[in-house]
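Notes for the one structure printed next.
The values are calculated or read from the model by the stated rules, or taken from the named source; none is laboratory data. Note that this is a predicted model, so its numbers are computed, not measured. Cβ: placed from backbone, ideal geometry, glycine included. Neighbour counts: every protein chain shown. All accessible areas refer to the heavy atoms of the entire protein, side chains included, with ligands and DNA or RNA removed. Shrake-Rupley method; radii C 1.70, N 1.55, O 1.52, S 1.80 Å.
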Amino acid sequence: MENTASYISPFSTRYASREMQYIFSDDFKFIHWRKLWLALAEAEKELGLQITDEQIAELRANVENINYEVAKQREKETRHDVMSHVFAYGEQCPNAKGIIHLGATSCFVGDNTDIIMQKEASKLVLRKLVSVVKKLSHFAMQYKDLPTLAYTHLQVAQPTTVGKRATLWIQDFVNDIHELEYRIENLKLRGCKGTTGTQASFLELFDGDENKVYALDELLTQKMGFKESVSVSGQTYSRKSDYYVLSALSGIAQSAYKFSSDMRMLQAFREIEEPFGKNQIGSSAMPYKRNPMRCERISALARFVMVDVLNASFTAASQWFERTLDDSANRRISISEGFLAIDSILNILLNVCDEIVVYENVILNRLQAELPFMATENILMNAVKKGGNRQALHEKIRVYAQETAYNIKMYGKKNDLVEKLLADKEFCLAPEDVQTVLDPKKFVGLAEQQTSRFVKNIVEPILEKYKDFSEEKGELNV
C-alpha cells in the first residue's frame, strides 16, 4: 500500500526515471561500498598481505546480499554508518571480518562511491542529452526553410527560419555535451589515501614499502574501472570536483530553460506548441486553455538545478584544512537531487521534442502582418530605380509607416502600408513589384544554409560518435 503519511520526494513519484533513481539508491551505494572493500582486499592480497583466497571468495559472495537490518540496528548503537556496514558485512563473512576495511578510513567507501555515482549518473545524462540533440536536429532540418518572425529585445526584427532558431537551442545543448564529456573523462577516484591523505596507515601495513603503497592506489583504481585517482587529497577528494560536475548540470539546465522559455512564448503566439494529450485539462476554470505545462515544468526544475550548484560552491570553499563534516549532510541532498532534477528535465525535454506541433499558417500570417515594415527599404530602392527621389520617398515612407503603426496599435487596424505606397503615384509601383519584394524568403538571409551546415558539420559527428546509444524516450508520469 502506498505510504501517504510520510514525505516522498516528487523526483521519486513524478519526475525522475527509475534508472537515475537506482544510481542514487541505497542498493547502489552499499553494493559499491562492498565492491570497494572487496577490491581493496584483493589488491592488498596481490601486494603480499596475509589475506586468503577463501576470505576473498567470502567477500565476493556477499557483495549484493546486504543485511540492512543488521546495519540499521548497529548504527543506532554506534552512530556511524560506515562502521555499521563493516559490522554487517563481517556478520555475513565471519572468516573475512578481520580484514574488511583494512587500512581505510570512512571516506574510502564514501568518497569513492560518490565519484562512481556521479560518473554513472553523468553517463545517463549524456545519453539523454544526445537524444535531445538528435530529435531537435530532425526538427531543425524539417523546418530549415520555413520563414518566421525573429525577435531582438522581444521586439520584431529581421526574419529567420523555424529551423535556424532551433539550431540556437541545439548549439547550447551541444556545448553541454562537450562539457559533460570533459567532466566524465576527468572524474578521478579518491583511491586509497588514508585518514588525512598521507597514506600513513597503508605505509604501516606494507612495512614502510612506499612503492607498494602507490601500487595499492593504482590497483584499486583500475579494479573500480577508473584510469586515475586524485594525485593528492586530504581526508576527502577536493570538493571542487563536485562543483565542476554540478556546474555541468547547471549548464544543461540553463539551455533547457532557454528552450522552454522560447517555447512558452511561441505557444502564446500560437505558432508552435508542445504536445497536448487528448484528455489533458489546461485549466480547471477555463476549458479552452492549452497551458504549456511541460515547458513550464522544465523551467521550474531548471531553476532548481541552477541554484543547486551554489551548494557545491559553498561546500568547496568552506572545507577546513584536511576536512570538515559540514559537507556530508549537504552533499547527500545536493548532488543526488541535482542529478535527479536534470534527469527529470531531460525526460520532459525528450517528450516535448518528440511531438512539437508547428502551425505554419499562423507563422505566415504573423510574418506577413509585419513584413511591409521590413520591406520598406527594398521598396524604396525599387522606386528610386524607376526615377524617384530617394530623400523625398524616404520621408514619405517614414510618415506612412508611423501612421500605419499608430493605427494598428491604437485602433487595431490591419497593416495597410503597402496599399498606401501603391496609391502614391510618386512611387510608380505596380502590385507585382510589391509582391516580389514581399516574398518572406528574401528576408531570411542564409538561415536555411546555416541550418544545413550546422547539422552536417556539428551535430552529425556527435550522433555518429554515439550511434550505439539507444534512442531515449521521454516518459511522463503525470
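Points worth noting:
- Some residue of segment 390-413 being closer than 30 Å to Leu129 by Cβ, assigned to a loop (DSSP other than H, G, I, E, B) and open to solvent by 30 Å² or more (accessible area, probe 1.4 Å): no
- Within segment 132-163, if we keep just the residues that are open to solvent by 10 Å² or more (accessible area, probe 1.4 Å) and under 20 Å from the mean Cα position of the chain (by Cα), the residue that is nearest to Leu266 (Cα to Cα) turns out to be Phe139.
- Options Lys240, Lys223, Lys193; residue that is charged (D, E, K, R) and touching a Cys at 6+ places or on another chain (Cβ under 9 Å): Lys193
- A single entry from Ser255, Ser261, Ser231, Ser241 fulfils the requirement of being open to solvent by less than 60 Å² (accessible area, probe 1.4 Å) and within 30 Å of Ile99 (Cβ to Cβ): Ser241.
- Number of positions in segment 344-371 that are more than 30 Å from Tyr15 (Cα to Cα) and either in contact with an Asp or Glu (Cβ under 7 Å, 6 or more places away or on another chain) or open to solvent by 10 Å² or more (accessible area, probe 1.4 Å) (or both): 10
- All of Gly387, Gly445 fail the test of being at pLDDT 85 or above and either surrounded by 16 or more Cβ atoms within 10 Å (Cβ to Cβ) or farther than 19 Å from Gln158 by Cβ (or both), apart from Gly387.
- Hits in segment 68-105 (condition: surrounded by 17 or more Cβ atoms within 10 Å (Cβ to Cβ) and of a type in the set (S, T, N, Q)): Ser84, Gln92, Thr105
- Scanning segment 420-440 for any residue that is of a type in the set (A, V, I, L, M, F, W, C) and more than 30 Å from Ile379 (Cβ to Cβ) turns up nothing.
- The listed residue being over 30 Å from Leu417 (Cβ atoms) and either at pLDDT below 95 or surrounded by fewer than 19 Cβ atoms within 10 Å (Cβ to Cβ) (or both), out of Met286, Met381, Met374: Met286
- The residues of segment 93-120 that are out of contact with any Leu (no Cβ under 9 Å at 6 or more places or on another chain) and assigned to a helix (DSSP H, G or I), listed by number, are Lys97, Gly98, Ser106, Cys107, Gly110, Asp114, Met117, Glu120.
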